[in-house]
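Take a look at the structure set out below.
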Amino acid sequence: MKKNLFIVLLISMVAILAACGANPSNESQEPTNGSTGETSEPATPEEQTKLVVGTDAAFAPFESLDGEDIVGFDVDLLDAVMEEAGLEYELNNIGWDPIFLSLKDGSIDLAISGITVTEERDQEYDFTRPYFESTHMIAFYEGTDIESANDLEGKIIGVQTATTGQIAAEAIVGELNPNLQLFETTALAFASLKEGNVEAVVTDIAVAAEFVKNNPEDNVKLVSDPENFEAEYYGMMVPEGSELKETLDKALTTIIDNGKYAEIYEKWFGSTPNLETLLEQE
Ligand code: ARG
């Protein structure tokens, strides 16, 4: 009896759907008329080939905002690589965490953002050949007693969340240490240091040096610690299996070989890059 009722219900539902002309799977493919067709117009070939690049522009001198513009070493490097590869692109400031999500959901094609190639990330994404060697530094104000990474113990430390700086600090003071404060951007961690809310910031060497440079009036001290903070390398990050990797690698190698890379490096860091070390890292 119950079964019969179910079949009757099912038949009438199908009849109603048919009468309404509802056909969800075909609906979206129906041609729209001229007046409402705007949003579904196919992209022009130019739009189709324009790559979308994501970054977190609060990480000078690699990427930061100058008014509306994103500027920095990464920005110039990206431009040179794209020009060499003959690719059109747009660079968007989307924030750090969204970089990782957006590469997964396909809303960006690649990311450049001082991203360290780590084993963990390498399992989920692909990286180009390394383009920059980095390590960590501790930045703090004169008067705070820090001589090595071990002195971070007991200090209020600021790091950008989900960065290798967080991992480096956690390796010293332990995960979930209440003294470890996580900031959405490295710029915010530095702002907190300036306000005296954290006593030290652990971040990438060139970014710490840039903070000192931009705050000449402040008595900022920097400490590196090769025993605790290892060398690490930045790469451009693409979705796993992306064909872009090969194209970008080729272009990167060309601009390293033809001197363009060194030119950009000197512009931002005022010194010649150690290309040998860089080229050793494949
Ligand atoms: N190199 C560090 C990492 O990959 C920090 C990078 C942060 N970059 C940025 N644009 N905020 O974890």
So for segment 136-224: antiparallel DSSP bridges make up what percent, rounded to the nearest 5?
60
Computed over the Cα atoms of segment 136-224, what is the ratio Rg over Rh, Rh following Kirkwood?
0.91
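Among Thr49, Thr253, Thr203, which comes first, then next, by fewest other beta-carbon atoms within 10 Å? Mind dumping the intermediate values first?
Numbers: Thr49 12, Thr253 16, Thr203 28.
Listing Thr49, Thr253, Thr203 from fewest to most nearby Cβ atoms yields Thr49, Thr253, Thr203.
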May I ask you to list the residues of segment 195-226 whose amide nitrogen lies under 17 Å from a point 7 Å from Cα along the Cα→beta-carbon direction of Tyr141?
195-202, 211-223
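Counting other C-beta atoms within 10 Å, which of Ser102, Ser148 has the fewest, and how do the rest follow? Spell out each step's value before the answer.
Working: Ser102 19, Ser148 14.
Ranked by crowding around the Cβ, least crowded first: Ser148, Ser102.
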What is the fewest-to-most order of Thr161, Thr116 by other Cβ atoms lying within 10 Å of their Cβ?
Thr161, Thr116
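Count the net charge of all other residues whose Cβ sits under 9 Å from the Cβ of Phe127, scoring Lys and Arg as +1 and Asp and Glu as -1. Don't jump to the answer; show the numbers that get you there.
On the way: positive: Arg121, Arg129, Lys245; negative: Asp122, Asp126.
With Lys, Arg at +1 and Asp, Glu at -1, the neighbours total +1.
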Among the lysines, select those whose C-alpha is under 20 Å from the C-alpha of Lys194, and discard any that sit fewer than 8 residues away in the same chain.
Lys155, Lys213, Lys221
Cα-based reach from Lys50 at 30 Å (exclusive), listing lysines while leaving out same-chain residues under 8 positions away
Lys104, Lys245, Lys250, Lys260, Lys267
Take the Cα of Phe269, step 7 Å along the line toward its Cβ, and report every residue of segment 105-121 whose backbone nitrogen sits under 20 Å from that point.
112-118
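Since every read-out is calculated from the coordinates, none of them should be taken as a lab result. Here the structure is a predicted model, which means the values were calculated and not measured. FYI the Cβ positions are ideal-geometry reconstructions off the backbone, even for glycines, and counts take in every protein chain you see.
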